[in-house]
1. Scan the stretch 245-256 residue by residue and report those that are more than 19 Å from the chain's Cα centre (by Cα) and either without any contact (Cβ under 8 Å) to a residue 12 or more places away in the chain or outside any loop (DSSP other than H, G, I, E, B) (or both).
2. Hey, any hits in the stretch 90-103 for a residue that's within 25 Å of ALA238 (Cβ to Cβ), modelled with pLDDT under 95 and of a type in the set (Lys, Arg)?
3. Of the residues that make up the stretch 69-78, is at least one of a type outside the set (D, E, K, R), under 30 Å from GLY394 (Cα atoms) and touching a helix residue (DSSP H, G or I) at 6+ places or on another chain (Cβ under 8 Å)?
4. Among the residues of the stretch 255-267, are any out of contact with any Ser or Thr (no Cβ under 7 Å at 6 or more places or on another chain) and over 15 Å from ASP334 (Cβ atoms)?
5. Here are HIS68, HIS99, HIS104: which of them is over 30 Å from VAL304 (Cα atoms), touching a strand residue (DSSP E or B) at 6+ places or on another chain (Cβ under 6 Å) and surrounded by 21 or more Cβ atoms within 10 Å (Cβ to Cβ)?
6. Return the total of residues in the stretch 457-477 being part of a helix (DSSP H, G or I), aliphatic (A, V, I, L, M) and crowded, with 20+ Cβ neighbours inside 10 Å.
7. Among the residues of the stretch 238-253 satisfying the criterion of being of a type outside the set (A, V, I, L, M) and within 17 Å of LEU361 (Cβ to Cβ), which is surrounded by the most Cβ atoms within 10 Å (Cβ to Cβ)?
8. Output the residues belonging to the stretch 299-319 that are under 30 Å from ARG201 (Cα atoms) and among the acidic types (Asp, Glu).
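The values are calculated or read from the model by the stated rules, or taken from the named source; none is laboratory data. Computed from a prediction, not measured in an experiment: that's the story for all the values here. Glycine also receives a Cβ, built like all others from the backbone with ideal geometry; neighbour counts cover every protein chain displayed.
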Amino acid sequence: MNSSLNAARRARELAEVRDLVVDVLVVGLGATGAGAALDAASRGLSVAAIDAHDLAFGTSRWSSKMIHGGLRYLAKGQVGVAYESAVERGHLLGRTAPHLVRAHPYLLPLVPEISRRHAALLMTGYRLGEGLRVAARTPRHLLPGPSRISAAQALALASPLSSRGLRGALLSWDGRLTDDARLVVAVARTAAAHGARILTRCRALELSGDGALVRDELDGDTFTIRARTVVNATGVWAAGLHPGIRLRPSRGTHLVLRSETLPGLAAGLHVPIPGESNRFALILPQPDGRVHVGLTDEPVDGPVPDVPRVPEKDVTFLLSILNSVLEEPVRREDVAGTYAGLRPLLAADGRPADLSRRHALLSRPDGLVTIVGGKLTTYRRMAEDAVDRAVSLGRLGAGRSRTAELPLVGAVPDGANGAGPGRGADGRKSGEGGEVRGADRLLERYGNEAGAVRALMAEASWLAEPGPAGVTGAELVWAVRHEGALDVDDLLDRRTRVGLVPRDRDAALPLARAALAY
């Protein structure tokens, strides 16, 4: 079946689903919900998947863009969680999404605040992480091992670093997403290609094990979707549809800097947080030329907002950590944008940073399965576990999950798109350190569909001209025709990430409106 999502397909499938009893109804179209729709549909089950807003509207688009092997969890003794992360990272790098997930170098600067003993312990941790890579059977060519480099090599990879007292750096490698929201779109489209009905702007008002009362948020119409089993994958909003669940959301804030603020940053940076032995801030250059700085881990009380606000104290905190290792400090006015996501952690005693990232399944005898916790890296495994439980509860005729080996829309064979690092001994890739341009940029975002997007550029001159963050009109038109974008918010805030910088968003509005009307 065609993988394209658009307004016409939504209208057709919205009409169809009213007369069906689907095997699995998925509520929530973040990474886990879209993953559950794909897992169920690829097993041959009939699937409807709904979201009150858009694909990747919630937590899934607010990540650090890392696909990591669980080293932090290993340091806390959570070996199972760490191994699961390493395995899932390997699937994404090598098979399911090599166009969206690549190996990326990260430096931990050996500044005076890190003693030689602490540096040795950290390197031991990196070597244990290398052991996880081996155990997960991820090839070395996809993910190089750690090493210690000199101060001169560190400054070559990250020239904004201060040279004062710098003894060198620990160089490690981990996975990085081109764009977390685009991963969700790829998963949802792959589910659609297997027959899942992907229905955005459909809000679940009431939920039970045999379906949901749903409101179409575009026209206000209310109707029922009947199902044999239901998966509640609404993340931090899960308790609203499954009373009795106790969540303790944690806010993770990021800053967005323009490329000219930290020029010459070719590697990500892990910067130690004072008073914390195993917590680090992350400074990560993005393919669009921007740099993201994160992240906090603060408890959030009260009602869960649709889009979390960033308090000024988070901005101040992250700037202080960032500036502790820079030659020239970043000022508050240099912050071009901010964003925050809420982690759907199960309630427990202790600080949010200490709570387990292991996911949990909660089910009722009537067939309602709720999945909470976890992290973006392990979305596929979370989805598999949720569908396994739904199949068992509903006594559905379905085989084992296929998604560990199922390439997502756009995926190309290992190495055909340059998925391997292709870098020298110092960790630098040719041309790295600035914005990814032209054909390479399209390949990293669209994989084997890049040629079709490029062909669309030839239809009119305005479709080929890059706008803010390098986004072209053709990409926006592609999002309307094939990626389910229904309005300018979908285009600028999720199919592309132009909206992370408010000034860029304002500048791109005419282009987005033109794409919707084209």
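1. LEU247
2. no
3. No; the residues of the stretch 69-78 include none that is of a type outside the set (D, E, K, R), under 30 Å from GLY394 (Cα atoms) and touching a helix residue (DSSP H, G or I) at 6+ places or on another chain (Cβ under 8 Å).
4. Looking through the stretch 255-267, at least one residue is out of contact with any Ser or Thr (no Cβ under 7 Å at 6 or more places or on another chain) and over 15 Å from ASP334 (Cβ atoms).
5. HIS104 is the lone residue from the list that is over 30 Å from VAL304 (Cα atoms), touching a strand residue (DSSP E or B) at 6+ places or on another chain (Cβ under 6 Å) and surrounded by 21 or more Cβ atoms within 10 Å (Cβ to Cβ).
6. Of the residues in that region, 5 qualify.
7. Among residues in the stretch 238-253 that are of a type outside the set (A, V, I, L, M) and within 17 Å of LEU361 (Cβ to Cβ), the one surrounded by the most Cβ atoms within 10 Å (Cβ to Cβ) is HIS242.
8. Of everything in the stretch 299-319, those that are under 30 Å from ARG201 (Cα atoms) and among the acidic types (Asp, Glu) turn out to be ASP301, ASP306.
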